[in-house]
1. Where residues in segment 87-123 are of a type in the set (Val, Ile, Thr) and within 16 Å of residue 168 (Cβ to Cβ), which of them is nearest to the chain's Cα centre (by Cα)?
2. Which condition number does residue 128 fail, the rest of (1) more than 15 Å from the chain's Cα centre (by Cα); (2) surrounded by 15 or more Cβ atoms within 10 Å (Cβ to Cβ); (3) part of a loop (DSSP other than H, G, I, E, B) being met?
3. Name the residue, out of 111, 51, that is modelled with pLDDT of 95 or more, hydrophobic (A, V, I, L, M, F, W, C) and buried (at least 19 other Cβ atoms within 10 Å of the Cβ).
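The values are calculated or read from the model by the stated rules, or taken from the named source; none is laboratory data. Because the structure is predicted, anything quoted here is derived from the model rather than measured. Cβ coordinates were reconstructed from backbone atoms using ideal geometry, including for glycine residues, and neighbour counts include every protein chain displayed.
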Amino acid sequence: MATVLDSVRAFFAPATTYTIDAETSADVVARETLLDRAMGPDRRLKSSEKIRRSRLPAEGLALVARDGDGHVVGTVRLWNIEAGIAADGQPIDALLLGPLAVDSAHEGKGIGAALMKAAIAEAQKRDHGAILLVGDAAYYERFGFFADKTRHLVMPGPSDRARFLALELKAGWLDGAAGMIVASGRKLA
C-alpha cells in the first residue's frame, strides 16, 4: 500500500524534479548543513529549538526533499508536544512543526509547500490532532495555520505572538487549550 510520502512527487519543469521522502540517518549531515545555511548561526537559540533539544522527531514525521540526484534540498520535522491543558486538566497532545527550510538554490520551486503538504497529510494519517508552529503568518495561513487557536497558549522564552500559529487536524482539538508548550515524546538515547 502506497503511503503519502510514496505518492508525493512534484514536477515544475522538465529539468527540475524533486521528491519528498522520509528522512534517514544518512541525511543528518546534509540536513544540519542546510539548516545552518538557511537559519543562520543563532538558530539553536530560538524557543522552538529549546523544545526540540534532546528529543527525536515524532514517529514518521521527519521529511526531506531530494533533487534528481538524491541530494537533500529541503527539510521539515514535527515534534511531539503538550499544548497546554484542557478544561478537564488533561494535557493536550499536539505536534510542533519546524524547522522548515529549503536550499536557497531551490527556492521558488514549490518545495517548501510540498514539504508542508506532505507533513500535514502524514500527521493526519498518523491520527494527530493539531500542529503548532512559530513562523510567518502570511506564508503558513495558506496551509490553514492561524493564531486564534494559540491565544491561550504560551511558548517558553521569547516569541512573537503574531507568529505563534496552529492548525487543527481534528476540529475542536485545541478548544479550551491553555498553558505552556512543553516537550513530550521520544528522547534521544
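1. That would be 120.
2. Among (1) more than 15 Å from the chain's Cα centre (by Cα); (2) surrounded by 15 or more Cβ atoms within 10 Å (Cβ to Cβ); (3) part of a loop (DSSP other than H, G, I, E, B), residue 128 violates only (1).
3. 111
Results for (1) in contact with a His (Cβ under 7 Å, 6 or more places away or on another chain); (2) without any contact (Cβ under 8 Å) to a residue 12 or more places away in the chain; (3) in a loop (DSSP other than H, G, I, E, B); (4) farther than 18 Å from residue 83 by Cβ, shown as yes or no for each residue.
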position	(1), (2), (3), (4)
105	no, no, no, yes
108	no, yes, yes, yes
115	no, no, no, yes
132	no, no, no, no
140	no, no, no, no
157	no, no, yes, no
166	no, no, no, no
179	no, no, no, no
189	no, yes, yes, yes
